[in-house]
Every structure is written in C-alpha cells, then in structure tokens.
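The values are calculated or read from the model by the stated rules, or taken from the named source; none is laboratory data. Small disclaimer: the values here were computed from a predicted structure and weren't measured. Because the Cβ atoms are built from the backbone with ideal geometry, glycine has one as well, and the counts that use them run over all protein chains shown. Please note that ligands, DNA and RNA were not included when accessible areas were found on the heavy atoms of the full protein model with its side chains. Shrake-Rupley method; radii C 1.70, N 1.55, O 1.52, S 1.80 Å.
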Amino acid sequence: ATDAATAAYDDAGVRSDDVDVAEVHDCFTIAEVLAIESLGFADIGEGITAARDGLTTADGDLPVNLSGGLKAKGHPVGATGGSQIAELTRLLRGGHPNSDRVPDAEVGVAHNAGGTVASAVVHVLEVAE
C-alpha cells in the first residue's frame, strides 16, 4: 500500500499533506489504521489514535470514509474501488450528502486492498479548473 501511495502521489504531483479527504479499505478497524499509515496520513504505529484524536473524523483535518466505509455499504466485494471513486467524485463536486464537511476539498485519495492485502490500489482525484 505504501508503494502504491508513493506511485499515485508521484504520478499526480501531490504529497500526502495535500490530501483533503480519503476513502480507505476499512474491512476491519485495523485495516483503516494501516491504510492511513501507508498513505502517509499518520506515522507508522500512530494511526491507531487518528480517529480518537479527531484527525480522521468528519470534522477532522482529514476526514476518512465520509461514505461510512465498507461496512456501511455491506462490504461490496468487487465493487469497493468503484464505490470509493464515486463517493470521492461526489464529495469533490459538492453533490455528496457530506460535502459540507469538506467544502474546499480539492484532492481526494481512494485506497483499496484485495484478498489478504496481496494487492493495493491507490487513486488520487483532483478538482480540475
């Protein structure tokens, strides 16, 4: 996941600090923790406190899974990545029910893992002028 994030950030010309909102593969609580660490939003070993400290909450500096995450969708195996892209697109365009949480968002990141996390895909979405 770290390699996928690095490649995606490099391709998009952004850094993790530029990300305004994220949708991550949160099939289990620990999966979200590991994802935000791999994406560079928290130092390794520090992701466990991100929600408690308010970083990744809806009102935090970096809201994660404003869609409610995988479990809120019934964990749609095979459709997760497409769902994440759709959610971020709506958030960045302002048409999502939670767009008011990130009204000035310009960069969104989707992180998806497959199988036993044998594969990871990271997409960067940006608002075009």
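Which percent of the accessible heavy-atom area of the chain goes to carbon and sulfur, probe 1.4 angstrom? Ligands and nucleic acids excluded, carbon and sulfur reach 49 percent. Exactly which trypsin sites (Lys or Arg not before Pro) in the range 1-72 are in a DSSP loop and have at most 12 other Cβ atoms within 10 Å? In loop regions of the range 1-72 (DSSP not H, G, I, E or B), the sparsely surrounded trypsin sites (Lys or Arg not before Pro) are R15, R52.
Rolling a 1.4 Å probe over the protein heavy atoms gives the range 20-129 an accessible area of 52 Å² per residue. Panel note: the C-alpha atoms of the range 67-106, placed on their principal axes, show extents of 31, 15, 12 Å (largest first). For the range 1-54, the pair-distance distribution built from all alpha carbon pairs, in bins 10 Å wide starting at 0, is 25, 58, 17, 0 percent.
Normalised by 2.2 N^0.38 Å, where N is the number of residues, the alpha-carbon radius of gyration of the chain equals 0.95. Here the Karplus curve 6.51 cos²θ - 1.76 cosθ + 1.60, taken at θ = phi - 60°, turns the phi angles of the range 16-30 into couplings of 4, 5, 7, 6, 9, 7, 9, 10, 10, 6, 10, 4, 9, 4, 5 Hz, with x standing for Gly and Pro. The GluC sites (Glu not before Pro) of the range 1-92 that DSSP puts in a loop, and whose beta carbon has at most 16 other beta carbons within 10 Å, are E46.
Ellipsoid fit via the Cα gyration tensor, the range 57-129: semi-axes of 21, 14, 11 Å, each the root of five times an eigenvalue, largest first.
Remark: the range 32-117 carries a charge dipole of roughly 480 debye about the Cα centre, counting +1 on each Lys and Arg Cβ and -1 on each Asp and Glu Cβ. Contact order, relative form, for the chain: 32 percent (alpha carbon pairs under 8 Å, 6 or more residues apart, mean separation divided by residue count).
Summed over qualifying helices (DSSP H, 4 residues or more, each -39500 (n - 2.57)) and divided by its residue number, the chain shows a 222 nm mean residue ellipticity of -9000 deg cm²/dmol.
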